[in-house]
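For reference, the structure is listed below as structure tokens.
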Amino acid sequence: MSEVWTVLKILQWTEGYLGDKGIEGGRLDAQLLLAKVLGLDRVGLYLQFDRPLESAELAAFREMVRRRARREPLQYILEKAEFWSLPLRVSPAVLVPRADTEVLVEEALRVGSGAETILDVGTGSGAIALALASELPRARVEGIDLSSEALAIAQENARQHQLHERVVFCRGDLRALPQGPWGLIVSNPPYIPAAEIGALMPEVRDYEPRLALDGGPDGLDAYRLLASQATGSLAPGGWLVVEVGIGQAQAVSELFLQSGLSNIFTRSDYAGVVRVVGGKKQ
Ligand SMILES: C[S@@+](CC[C@H](N)C(=O)[O-])C[C@H]1O[C@@H](n2cnc3c(N)ncnc32)[C@H](O)[C@@H]1O
């Protein structure tokens with residue numbers, strides 16, 4: 001007779017299995033994957049701990065666990081992530097939006113809440129553009145990205161949140177920013193020094209788009225390009241606000257100063273890492 005796998009039993013087994021594969025937080029991953037297979041939320045799972053799984057459910061779950069064990073990011077398997085309390089569709093064409101990036105949104109709202117035109121450079125899933133649009137009902141937002149696949153995901157997310165009339169996504173290159181003047185330019189650009197990509201955790205190194213990570217030899221390529229175009233693209237009194245990697249804030253602040261921006265500020269994330277640099281066009 002074949003073994004009966006209940007919800008509780010398969011969760012316990014999966015937590016141990018993912019732990020053996022070096023994955024921390026395997027219990028939560030197992031719960032979220034099983035909840036997706038069964039069409040439940042996590043509370044629903046708790047209420048059905050003794051439920052035996054059907055063979056099709058077991059097969060679908062095992063395939064997802066196999067993917068996670070190969071270190072594919074959980075969000076790609078679930079096909080969703082949450083950012084600024086907005087559920088977003090994600091795929092391997094986009095960076096998984098990070099909680100740290102919400103600090104960039106907080107700072108953009110602090111200095112740029114009066115902006116009526118906002119540009120999000122390297123928009124990916126559209127996370128930052130959509131978060132800002134959801135908070136600023138008078139603003140028109142444009143998100144640009146080099147990746148057409150990413151733009152398709154961003155557009156889907158805009159429609160899902162009924163923001164598609166105020167947020168447009170266009171193919172564009174940060175080497176030639178779209179004509180302004182913009183009241184606010186935000187960006188979480190690629191900023192990992194190229195030689196350091198190989199040492200990143202497998203979820204990032206092996207699955208997230210290299211285009212979203214590679215910041216050139218010292219990680220600062222995108223900041224040089226953004227800073228050099230900022231005063232030409234911003235409206236008077238407009239702000240450029242960017243996310244930076246660990247240890248990059250000083251160099252980026254200097255680039256902003258050299259480009260003629262003023263009122264330079266930095267902001268740390270909730271782990272104490274300086275994560276955001278901003279500057280204003282007088
Ligand atoms: C670090 S990801 C940020 C994605 C999203 N804004 C977020 O915070 O989750 C950087 C994004 O920049 C895009 N990108 C890379 N090079 C670019 C370029 N030259 N012009 C425009 N976008 C670019 C990538 O495709 C990727 O979507």
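The values are calculated or read from the model by the stated rules, or taken from the named source; none is laboratory data. These figures come from a predicted structure and were not determined experimentally. Backbone-built Cβ (ideal geometry, glycine too); neighbour counts: all protein chains shown.
The residue that is farthest from the ligand (Cβ to nearest atom), among those in the range 152-178 that are closer than 19 Å to Asp214 by Cβ and buried (at least 16 other Cβ atoms within 10 Å of the Cβ), is Gly172. Confirm whether Asp100 is buried (at least 23 other Cβ atoms within 10 Å of the Cβ), among the charged types (D, E, K, R) and in contact with a strand residue (DSSP E or B) (Cβ under 9 Å, 6 or more places away or on another chain). Considered against the rule, which asks whether it is buried (at least 23 other Cβ atoms within 10 Å of the Cβ), among the charged types (D, E, K, R) and in contact with a strand residue (DSSP E or B) (Cβ under 9 Å, 6 or more places away or on another chain), Asp100 comes out as no. Filtering Ala199, Ala235 for residues that are surrounded by fewer than 20 Cβ atoms within 10 Å (Cβ to Cβ), over 18 Å from Leu255 (Cβ atoms), in contact with a strand residue (DSSP E or B) (Cβ under 9 Å, 6 or more places away or on another chain) and assigned by TED's automatic domain parsing to the domain that holds Val94 leaves a single hit, Ala235. Within the range 108-135, the residues that satisfy the criterion of being surrounded by fewer than 22 Cβ atoms within 10 Å (Cβ to Cβ) and touching a Gly at 6+ places or on another chain (Cβ under 8 Å) are Val111, Gly114, Glu116, Thr117.
Taking the range 230-253 as the region of interest, how many residues are more than 16 Å from Tyr191 (Cα to Cα) and either outside any strand (DSSP E or B) or touching a residue at least 60 places away in the same chain (Cβ under 8 Å) (or both)?
Selection size over the range 230-253: 7.
Which numbered condition trips up Glu15, out of (1) more than 27 Å from the chain's Cα centre (by Cα); (2) in a helix (DSSP H, G or I)? Going through (1) more than 27 Å from the chain's Cα centre (by Cα); (2) in a helix (DSSP H, G or I) one by one, Glu15 breaks only (1).
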